[in-house]
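Remarks on the structure that follows.
The values are calculated or read from the model by the stated rules, or taken from the named source; none is laboratory data. No experiment lies behind these values; they were computed from the predicted model shown. Counting neighbours? That spans all protein chains shown, and the Cβs are built from the backbone with ideal geometry, glycine included. SASA here: full protein model, heavy atoms, side chains in, ligands and nucleic acids out. Shrake-Rupley method; radii C 1.70, N 1.55, O 1.52, S 1.80 Å.
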Amino acid sequence: MTSKKYVYFFGEGKKEMKKLLGGKGANLSEMTNIGLPVPPGFTISTEVCNLYYDLGERWPEGLDDQIEENLKKLEEKMQMSFSDKDNPLLVSVRSGAAVSMPGMMDTVLNLGLNDTSVRGLIVKTGNERFGWDAYRRFVQMFGDVVMSVEHDRFEKALQAKKDSREVKFDTELSGQDLKELVEDYKNIIKDAKGKSFPEDPREQLRMSIDAVFGSWDNKRAQAYRNLHDIPHNIGTAVNVQTMVFGNMGQTSGTGVAFTRDPSTGENVFYGEYLINAQGEDVVAGTRTPQPIAKLEEEMPENYELLMDIRNKLEDHYRDIQDIEFTIQEGKLYMLQTRTGKRTAAAALQIAVDMVNNDFIDKKTAITRIEPQMLDQLLHKQLDKDAKDKAQMLTKGLPASPGAALGTVVFNADDAVEEAKSGKVILVRTETSPEDIQGMAVAQGILTARGGMTSHAAVVARGMGKCCVAGAEEIKVFENKQYFQVKDKQIKKGDWITLDGSTGEIFIGKIPVVDPEVNENMETLMSWVNDYKKLGIRANADTPNDSQVARDFGAEGIGLCRTEHMFFEGDRIKSIRKMIVSSNEKERREALMELLPIQRKDFYEIFKVMKDLPVTIRLLDPPLHEFLPTEDDDIEEIAKEMGMSFDDLKSTIISLHEMNPMLGHRGCRLSITYPEIAEMQARAIFEAAADLTKEGYDVQPEVMVPLVGSLMEIKILREKIVSVADEVMGEKDQKFNYKVGTMIEVPRACLIADKIAKEAEFFSFGTNDLTQMAYGFSRDDSGKFLPDYIEQGILGRDPFATLDIGGVGQLIKMGLEKGRASRKDLKVGICGEHGGDPKSIDFCHEIGLDYVSASPYRVPVARLAAAQAAIIREESEKE
């Protein structure tokens, strides 16, 4: 017999052994140890699951003996026998991974019943119908879960029996009817598999354990792990537990409860129960459960015992618990406890309440709140009941959280016009900077193409607007003013509703619920500041965005995208005039029209941010993005600009590039047209000088985008410094400023030591850096990334969570090389990863100075930064 221990009787483990015993097994042992009434059983460890697969779906040596040893121990404890015809021991076989995966893996109940033991159960309970119903359920579950017989075949047999008896519900079938169904089910198994249902309880047990191990690798379990970022190699434990029955009459029942209200966090016992029912009846909704408080009237002693258990569990686990219980003929049994799922509002209420009552400390409270949950509090949500009844049209990517409903429009101009009298949803194949005004007035944005870091997604998150991107079933016909999903057409003016948290798109109106930002969140955020090490900045392009970011606790602006400023009002005309100019003189004249406008923008942003740093990126996108593409639009704009259609179209054609994202953009524009960088630098510095004169301590940081060589930053830095000197002389006003670069090109990471001699700060633009490192198009990768993740080629979307093994190493290299040349180099990231908790943890680990996120994700980033600091500090102590 092997010395390796694979099986643990309840009570041999403890709650800290989740990795080995799974969450369910560890907590069953823990509840046993603290004296709660738990039906006895044993747990086969998660190690066995991994060995099972390593050995080609075979059991490791010695497992048989350990199971038999624990089975005998269980028989002795229960004074029942697994094969006894008069007093049969029945067990459940359930999965239980270290991380809860509700409903993803398989369960078998009533195991141990056969043609002989069912009669003993009937005699023992005095209830023929109960005995045959238990047997009928077991054969169906065993056939479906263990022997892989199509579930529908059993359901058809059950329906046929109800039809023949002219009854509607299972409960109306007699014991004889159920006895006949058992035979029908066995014949279905024989016909489907060519072998009989096994009568031997030990064979039933072995086959069921195999089935639970096998379910670890089923498609729904794999998909769930991918969705929730759960490792595929942790395996599941198997729990074999004595059956107790809540359907043995009016003195029996079953229920599910939470030690606190999981919706609000209120400190009240919350749950439901059913008399004379099994656990699945509560969940299935075939009968209406009673509120847990009513149990005090029906079974006062058991209610009092449940209240004691509730208090004992909270005191022991120091967190809200989700419990399952069964009452069998007046005796209460605890079947499960686990950490209760809760809403964001409830999570905050519980955390603050438990700190105030000395249940937990502030560090524990901070680490218990999922950062992403804060999105629930910062964005509108769909009314849950109304959503459940609504008709879903299709699904895209949940690109920006929240909810939005409105009438469909297909271009920015219509959005602006229609928004004057009602709510609109802007629907596009994909958005571009030219759509900015339409996006600003729309309630939400829907695109047929693009990923989680597409233009639509990034801008929507920055605005705090709901966005569903990459809904590839949608075909947009902008000229005809409708979009189509399969055979359904949605026309301009039709109402749709978006759920940006799930990516779902619904036909018609679903009511939305306003976000609930309360003092609990403010309290938590005040604790966060005591622990986080990383600075948290915001990506903001307007005074309003800047104010939102500051109100949420941002410590500066890490990315101000100046191109977004060019689309407001008549500004677009000036930038277009500059683009179509035939010489430098004309370009400078057009840029001079933009100078006072840009200066005013920067003045207002600096004023909002006061003494905090503001990083302003010089013009980045290719120039063609500012020009129209459709002939009708070209003709209209040509008239506005006083030029011919042919001349304008010729200019647009000349600007066309095969791969514009790798073309004439970023610092390359300012190398070709230095007057662009000069105008923007002057606008920045004149605004800084004016505010300095007014007594403000402004801190502008001029960021040169897309640098890939030393000479690019050297040339442009000299121009920017020259403009700063000119402005200081003209205004007779000194001010502080920095010149740095946005690191987006992998080559820049390789020569970061050289670049740092010219740049005073680095900001890693992780969106483009990821795009260039992988060779994936951000806007097109949504077509294949789901397949890559499903097949395990990638663990997660690299545009949503930083690819630490590849892109992360480029960042680390750039950081180390840069600081080797300039010790006081300030380094951060400003891509969408700045709001992702896993990416933030990496940024904390390697020692970045800050991350920059969209304004509405600033609280998420602050919380994630505090968690990273606390968790790493605790791990260093161990």
Quiz item: Any idea which residue in segment 326-352 is modelled with the highest pLDDT, counting only those that are open to solvent by 40 Å² or more (accessible area, probe 1.4 Å) and closer than 22 Å to residue 863 by Cβ?
Solution: 349
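Results for (1) surrounded by fewer than 24 Cβ atoms within 10 Å (Cβ to Cβ); (2) modelled with pLDDT of 90 or more; (3) of a type in the set (Asp, Glu), shown as yes or no for each residue.
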| residue | (1), (2), (3) |
| --- | --- |
| 417 | yes, yes, yes |
| 422 | yes, yes, no |
| 425 | no, yes, no |
| 435 | yes, no, yes |
| 447 | no, yes, no |
| 460 | no, no, no |
| 467 | no, yes, no |
| 479 | yes, no, no |
Quiz prompt | All positions within segment 657-715 that are at pLDDT 95 or above and of a type in the set (Val, Ile, Thr) | solution = 671, 684, 692, 698, 702, 704, 707, 713, 715
Exercise. Considering (1) touching a Ser or Thr at 6+ places or on another chain (Cβ under 9 Å); (2) modelled with pLDDT of 85 or more, say which one residue 625 fails and leave the rest.
Key: (2)
Practice problem: Scan segment 557-567 and give yes if some residue there is without any contact (Cβ under 8 Å) to a residue 40 or more places away in the chain, in contact with a helix residue (DSSP H, G or I) (Cβ under 7 Å, 6 or more places away or on another chain) and not hydroxyl-bearing (Ser, Thr, Tyr), otherwise no. | Solution: yes
Quiz prompt | Hits in segment 138-154 (condition: assigned to a helix (DSSP H, G or I), at pLDDT 90 or above and within 16 Å of residue 105 (Cα to Cα)) | solution = 141, 142, 143, 144, 145, 146
Quiz item: When segment 613-647 is examined, which residues are found to be within 22 Å of residue 704 (Cβ to Cβ), in contact with a Phe, Trp or Tyr (Cβ under 9 Å, 6 or more places away or on another chain) and open to solvent by 20 Å² or more (accessible area, probe 1.4 Å)?
Solution: none
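Counting only residues that are without any contact (Cβ under 8 Å) to a residue 60 or more places away in the chain and aliphatic (A, V, I, L, M), give me the strands (runs of 3 or more DSSP E) lying completely in segment 227-337 with at least 1 of them. Before the answer, list the steps.
Values: elements: 236-242, 253-258, 270-275, 321-328.
Qualifying strands (runs of 3 or more DSSP E): 270-275.
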Practice problem: Could you please find all residues in segment 835-858 being open to solvent by 20 Å² or more (accessible area, probe 1.4 Å) and of a type in the set (Phe, Trp, Tyr)? | Solution: 856
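What residue, of 245, 213, 197, 258, is of a type in the set (A, V, I, L, M, F, W, C) and open to solvent by 30 Å² or more (accessible area, probe 1.4 Å)?
Details: 245 fails: open to solvent by 30 Å² or more (accessible area, probe 1.4 Å); 213 fails: open to solvent by 30 Å² or more (accessible area, probe 1.4 Å); 197 fails: open to solvent by 30 Å² or more (accessible area, probe 1.4 Å).
Every option except 258 fails the conditions.
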Exercise. Determine whether segment 602-620 contains at least one residue that is within 30 Å of residue 845 (Cβ to Cβ), assigned to a helix (DSSP H, G or I) and touching a residue at least 60 places away in the same chain (Cβ under 8 Å).
Key: yes
Exercise. Go through (1) within 40 Å of the chain's Cα centre (by Cα); (2) open to solvent by less than 50 Å² (accessible area, probe 1.4 Å) and name the single condition residue 664 misses.
Key: (2)
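Got a number for residues in segment 859-873 being in contact (Cβ under 8 Å) with a residue 12 or more places away in the chain and either exposed (fewer than 13 other Cβ atoms within 10 Å of the Cβ) or under 16 Å from the mean Cα position of the chain (by Cα) (or both)?
The number of residues fulfilling the criteria is 5.
When you go through 429, 407 one by one, which is the residue that is farther than 25 Å from residue 855 by Cα and modelled with pLDDT of 95 or more?
Details: 429 fails: modelled with pLDDT of 95 or more.
After ruling out the rest, the residue left standing is 407.
Determine, yes or no, whether residue 368 is touching a residue at least 40 places away in the same chain (Cβ under 8 Å), open to solvent by 60 Å² or more (accessible area, probe 1.4 Å) and touching a helix residue (DSSP H, G or I) at 6+ places or on another chain (Cβ under 9 Å).
For residue 368, the condition - touching a residue at least 40 places away in the same chain (Cβ under 8 Å), open to solvent by 60 Å² or more (accessible area, probe 1.4 Å) and touching a helix residue (DSSP H, G or I) at 6+ places or on another chain (Cβ under 9 Å) - is met.
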Self-check item: Some residue of segment 587-598 being crowded, with 17+ Cβ neighbours inside 10 Å and touching a Phe, Trp or Tyr at 6+ places or on another chain (Cβ under 7 Å)
Solution: yes
Exercise. Considering only segment 495-551, state which residues are farther than 21 Å from residue 368 by Cβ and of a type in the set (Lys, Arg).
Key: 509, 537, 550
Quiz item: If you scan segment 835-878, which residues turn out to be assigned to a loop (DSSP other than H, G, I, E, B) and either aliphatic (A, V, I, L, M) or closer than 20 Å to residue 808 by Cα (or both)?
Solution: 836, 847, 848, 849
Quiz prompt | Residue within segment 508-522 that is open to solvent by less than 50 Å² (accessible area, probe 1.4 Å) and in contact with a Pro (Cβ under 9 Å, 6 or more places away or on another chain) present | solution = yes
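Go through segment 744-770 and count every residue that is in contact with a Ser or Thr (Cβ under 7 Å, 6 or more places away or on another chain) and within 12 Å of residue 704 (Cα to Cα).
Here is the first cut: in segment 744-770, the ones in contact with a Ser or Thr (Cβ under 7 Å, 6 or more places away or on another chain) are 753, 755-757, 759, 762-763, 767.
Okay, now just the ones that are also within 12 Å of residue 704 (Cα to Cα), so 755, 759, 762-763.
Selection size over segment 744-770: 4.
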Self-check item: Residue in segment 648-661 that is farthest from residue 708 (Cα to Cα), counting only those that are open to solvent by 50 Å² or more (accessible area, probe 1.4 Å) and among the polar types (S, T, N, Q)
Solution: 650
Quiz prompt | Filtered residues of segment 391-404 (kept if surrounded by fewer than 24 Cβ atoms within 10 Å (Cβ to Cβ) and either under 17 Å from residue 800 (Cα atoms) or more than 22 Å from the chain's Cα centre (by Cα) (or both)) | solution = 391, 398
Quiz item: Which one is modelled with the lowest pLDDT among residues in segment 1-60 that are small (Gly, Ala, Ser) and open to solvent by 20 Å² or more (accessible area, probe 1.4 Å)?
Solution: 3
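Step by step: first the residues of segment 370-402, then only those that are assigned to a helix (DSSP H, G or I) and of a type in the set (A, V, I, L, M), then the one that is nearest to residue 488 (Cα to Cα). Which residue is that?
Of all residues in segment 370-402, those assigned to a helix (DSSP H, G or I) come to 371-378, 384-389.
Filter once more, so that each one left must be of a type in the set (A, V, I, L, M): 373-374, 377-378, 386.
On the way: 373: 34, 374: 36, 377: 34, 378: 33, 386: 22 Å.
Checked segment 370-402; the qualifying residue nearest to residue 488 (Cα to Cα) is 386.
Report whether or not residue 862 is under 22 Å from residue 351 (Cα atoms) and at pLDDT below 95.
Values: under 22 Å from residue 351 (Cα atoms): yes; at pLDDT below 95: no.
In short, no.
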Self-check item: Matching residues in segment 535-551 - criterion: being in a helix (DSSP H, G or I) and either in contact (Cβ under 8 Å) with a residue 60 or more places away in the chain or not charged (D, E, K, R) (or both)
Solution: 543, 544, 545, 546, 547, 548, 549, 550
Quiz item: Residues of segment 107-134 being among the acidic types (Asp, Glu) and crowded, with 23+ Cβ neighbours inside 10 Å, which ones?
Solution: 133
Practice problem: Please work out if residue 679 is part of a helix (DSSP H, G or I) and buried (at least 22 other Cβ atoms within 10 Å of the Cβ). | Solution: yes
